[in-house]
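Here is the structure we will look at.
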């Protein structure tokens, strides 16, 4: 019975182990570059923040437009009063024609009134007709700032795409390094096994076997670093794309294809100055500051508005007012604006100058970014050819050294050195392909055409 229970337990553990392996295998996900970009755009916190800024700018524009609408205010109050002294300027008639006080004034009657409470309500309506052009220029400034916020969001979108491509490149490089190191470890393990047999049969010195074993240990340490780097890289990618952190990703090696480009630096620079969203946003901010200067000058002018209102009041035992309506034209002007507005205008002009200087600084920065991206792209393209040739040379060198070693014409150290050189050449060539693609995408991003080319 115990034996049967042990068999059942072992079967359950084995089944659970197979299930866990199957679950892990199912969690691996093949990820293309286009899919990564799509997920990156959908889950980017930066883009969500940009959308919030657009909503804020749109709300500010709506607020500026609402200043053209009428202002309506309603107020009312109920008051408890003490015993006031009432002196009516209008004479009150007597209550009886035959009484002694029929010819008296209203003073005595007014003094006998008991006024203990009062209530009133008012409604005022004001329609702005002229406000020194402040409303119009305020709307104009808000429009420019809204467009600038939208352009900032497009620029942020380009940045997200560029960062996603760079992260995808790191993912590919980490996976390529892991695969190459694993393959090299297999070769090292086979070499140690072969050398062990030779050493047991007295055909190899113990020192040569130790060299091979030392190299295997170094490769194993390299593999540990590669595995650690791989896990960190795909966890970072999952966080960027909104995927579960434990999802192991499988990058697509075909995504990194060298795109030859015949444009000159001048072409890229002109494209950048024409298409960069951030410099266009700065242009709108300069226009907004121009409108701000005009709005500040509006304080020199008077305000004109159409007004209307309604009043109702009730003072028991004294008076009741209803249907008291009024309308007219209101004019407001403060002579002190003649000497107080100058400072506001000076501040607005300083903000305009600051925006213009920022625009010039951004233009210089864009030129430098394009120059750096262009030179980096040219360098990475040249590195591909160099590393491809180096890989061929390393493979041929290893083949020659291996033949010499098999014929006792080369030492173990020569063979191990050739093997290390071959591994490094493979890694360099694989990385160069990814670096060239990333460099070209960064060049497109610096020119403001990355998203346009990515959508084609």
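Descriptive notes on the structure:
- Any hit, the range 341-364, residues being closer than 30 Å to residue 184 by Cα and assigned to a helix (DSSP H, G or I): no
- Filtering 234, 172 for residues that are in a helix (DSSP H, G or I), farther than 30 Å from residue 272 by Cα, touching a strand residue (DSSP E or B) at 6+ places or on another chain (Cβ under 8 Å) and at pLDDT 85 or above leaves a single hit, 234.
- Screening residue 293 on (1) surrounded by 19 or more Cβ atoms within 10 Å (Cβ to Cβ); (2) modelled with pLDDT under 90 shows it passes everything except condition (2).
- Count of the range 403-415 residues which are in a helix (DSSP H, G or I) and at pLDDT 85 or above: 2
- Which listed residue, of 23, 58, is surrounded by 14 or more Cβ atoms within 10 Å (Cβ to Cβ) and either within 38 Å of the chain's Cα centre (by Cα) or modelled with pLDDT of 55 or more (or both): 58
- Residues (surrounded by 10 or more Cβ atoms within 10 Å (Cβ to Cβ) and either within 19 Å of residue 126 (Cα to Cα) or without any contact (Cβ under 8 Å) to a residue 40 or more places away in the chain (or both)) located in the range 329-342: 330, 331, 333, 334, 337, 338, 342
Here is a yes/no grid of residues against (1) touching a helix residue (DSSP H, G or I) at 6+ places or on another chain (Cβ under 6 Å); (2) closer than 30 Å to residue 292 by Cα:
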position	(1), (2)
330	no, yes
333	no, yes
348	yes, yes
390	yes, no
394	yes, no
403	no, no
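Table: residues versus (1) free of Cβ contacts under 8 Å to residues at least 60 places away in the same chain; (2) surrounded by 14 or more Cβ atoms within 10 Å (Cβ to Cβ); (3) under 15 Å from residue 415 (Cα atoms).
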{"position": "184", "(1), (2), (3)": "no, yes, yes"}
{"position": "193", "(1), (2), (3)": "yes, no, no"}
{"position": "201", "(1), (2), (3)": "yes, no, no"}
{"position": "206", "(1), (2), (3)": "yes, no, no"}
{"position": "226", "(1), (2), (3)": "yes, yes, no"}
{"position": "232", "(1), (2), (3)": "yes, no, no"}
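- Residue 438 vs. criteria buried (at least 21 other Cβ atoms within 10 Å of the Cβ) and over 30 Å from residue 263 (Cα atoms): no
- Condition check for residue 151: more than 18 Å from residue 421 (Cα to Cα), without any contact (Cβ under 8 Å) to a residue 40 or more places away in the chain and touching a helix residue (DSSP H, G or I) at 6+ places or on another chain (Cβ under 6 Å): no
- Within the range 32-51, the set of residues being in contact with a helix residue (DSSP H, G or I) (Cβ under 7 Å, 6 or more places away or on another chain) and assigned to a helix (DSSP H, G or I) comprises 33, 36, 37, 39, 40, 41, 43, 46, 47, 50, 51.
- A single entry from 418, 373 fulfils the requirement of being part of a helix (DSSP H, G or I), more than 30 Å from residue 272 (Cβ to Cβ) and within 49 Å of the chain's Cα centre (by Cα): 418.
- In this structure, residue 286 does not satisfy being over 28 Å from the mean Cα position of the chain (by Cα), surrounded by 15 or more Cβ atoms within 10 Å (Cβ to Cβ), in a helix (DSSP H, G or I) and at pLDDT 90 or above.
- Search result, residues across the range 239-260 that are out of contact with any helix residue (DSSP H, G or I) (no Cβ under 8 Å at 6 or more places or on another chain) and at pLDDT 85 or above: 239
- Within the range 244-273, tally of residues that are part of a helix (DSSP H, G or I) and touching a residue at least 24 places away in the same chain (Cβ under 8 Å): 8
- Yes/no for residue 312 being modelled with pLDDT of 90 or more and in a helix (DSSP H, G or I): no
- Under the condition of being without any contact (Cβ under 8 Å) to a residue 12 or more places away in the chain and under 30 Å from residue 431 (Cβ atoms), the residues counted in the range 352-371 number 2.
- Condition met for residue 279 (in contact (Cβ under 8 Å) with a residue 24 or more places away in the chain and surrounded by fewer than 18 Cβ atoms within 10 Å (Cβ to Cβ)): no
The values are calculated or read from the model by the stated rules, or taken from the named source; none is laboratory data. These numbers were taken from a predicted model, which means no experiment stands behind them. We place every Cβ from the backbone using ideal geometry, glycine too, and count neighbours over all the protein chains shown.
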